[in-house]
Structures are given as C-alpha cells and as structure tokens.
Amino acid sequence: MAYGRGVRGDARSGVEAVSAAICEVCLALPETTEKAESWARNFEVRRRSFCLFLTPDSPFNNTVPVLVLRSTDDDREMYLAMGHPFFEIPRNNKRVGLVLSSTTDWEEVRELVTDSYCMIAPKKLIALLDLPPDA
C-alpha cells in the first residue's frame, strides 16, 4: 500500500509512519501504556485495552494497517453501515475495525481512539482531556 510521504508529511514510509502516528495519538492519552507484540501493538489504560494496532498481510503480499477500537452499539452499527474503511470484528460486538490507508483522516482517527479510550478510562482521567462540551 503506497503512503507517499507517510502520515502528516512524515518522511518515514508506509506502515512505520502509520505505526508512529498511532503511537502518538494513543500515548498522548493519560496513563496509556503500550504492549508491543510481534504481531500487534496494544494500547491500554489501567490494564484494559482500548486500541489494537495490527499489520496483517493482505492477499496481495503487502501489509494492511488496521485498528481495532471499542465502540458503542449505536456507533458500531453506524460505522458498519458505512462500510469501508470500517469492518466487523468477528465474535466481538463491542469493537469495530478500521483499515488505515493513504486517505485516512487522522483527525477522525484521533476522535475514534479518544472515544474508545473514554469508554473504559476512569472519570478522573477523562476529565484531564480537552474534549468538546458535547462529548
């Protein structure tokens, strides 16, 4: 998958730039920790996962970056109805998948990650975030 100059003008290419951008978004949230595995990066708040970054191989022998995020039932239905880049996570009705590409809206990713974080973070940590009044 071609990413041009990478995320937000980053000179790194492809999955490395996307991975760095996801880390930046997730680790900016209070008390977030990262657990890196050979196959994924898991971002947690107080030992509870809110964002999983995967880079599974596609049938075309290239890497397709994917996020798995927590979602409310209503939001999940809306995202799945939208279709690509959103997709269903089998056997998990509390999460939604998001394919990342060169056309990814990084402000939307930041909002989705923050929403996922807020679903499980303690209220005192959520209060530290600069969220819009209707959030």
Residue within region 80-93 that is β-branched (Val, Ile, Thr) and surrounded by fewer than 19 Cβ atoms within 10 Å (Cβ to Cβ) present: yes
Matching residues in region 72-113 - criterion: being under 12 Å from the mean Cα position of the chain (by Cα) and aliphatic (A, V, I, L, M): 96, 98, 99, 100, 109, 112, 113
Matching residues in region 14-27 - criterion: being over 13 Å from the mean Cα position of the chain (by Cα) and either modelled with pLDDT of 90 or more or open to solvent by less than 80 Å² (accessible area, probe 1.4 Å) (or both): 14, 15, 17
The lone exception for residue 69 - which of (1) at pLDDT below 85; (2) within 12 Å of the chain's Cα centre (by Cα); (3) of a type in the set (A, V, I, L, M) it fails: (1)
Residue within region 38-51 that is open to solvent by 30 Å² or more (accessible area, probe 1.4 Å) and acidic (Asp, Glu) present: no
Residue 31 vs. criteria of a type outside the set (Val, Ile, Thr), at pLDDT below 95 and either open to solvent by 70 Å² or more (accessible area, probe 1.4 Å) or under 26 Å from residue 121 (Cα atoms) (or both): no
Criterion violated by residue 121 - all others in (1) small (Gly, Ala, Ser); (2) surrounded by 12 or more Cβ atoms within 10 Å (Cβ to Cβ); (3) under 27 Å from residue 15 (Cα atoms) satisfied: (3)
Members of region 52-66 found to be within 21 Å of residue 106 (Cα to Cα) and either modelled with pLDDT under 90 or open to solvent by 20 Å² or more (accessible area, probe 1.4 Å) (or both), listed by number: 52, 54, 55, 56, 63, 64
Cross-chain or 6+ apart pairs with Cβ under 9 Å, region 20-48 first and farther than 23 Å from residue 101 by Cβ and aromatic (Phe, Trp, Tyr), then part of a helix (DSSP H, G or I) and at pLDDT 95 or above: none
Checking residue 116 against (1) closer than 21 Å to residue 21 by Cα; (2) over 13 Å from the mean Cα position of the chain (by Cα), the condition it does not meet: (2)
Single residue of region 94-118 satisfying the filter (surrounded by fewer than 17 Cβ atoms within 10 Å (Cβ to Cβ) and not charged (D, E, K, R)) that is modelled with the lowest pLDDT: 102
Within region 68-135, helices (runs of 4 or more DSSP H) holding 2 or more residues that are within 24 Å of residue 28 (Cα to Cα) and without any contact (Cβ under 8 Å) to a residue 40 or more places away in the chain: 106-118, 123-126
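The values are calculated or read from the model by the stated rules, or taken from the named source; none is laboratory data. Given the structure is predicted, the values throughout are model-derived calculations rather than measurements. Cβ atoms come from the backbone with ideal geometry, glycine included; neighbour counts cover every protein chain shown. The accessibility values were calculated without ligands, DNA or RNA, using every heavy atom of the protein model including side chains. Shrake-Rupley method; radii C 1.70, N 1.55, O 1.52, S 1.80 Å.
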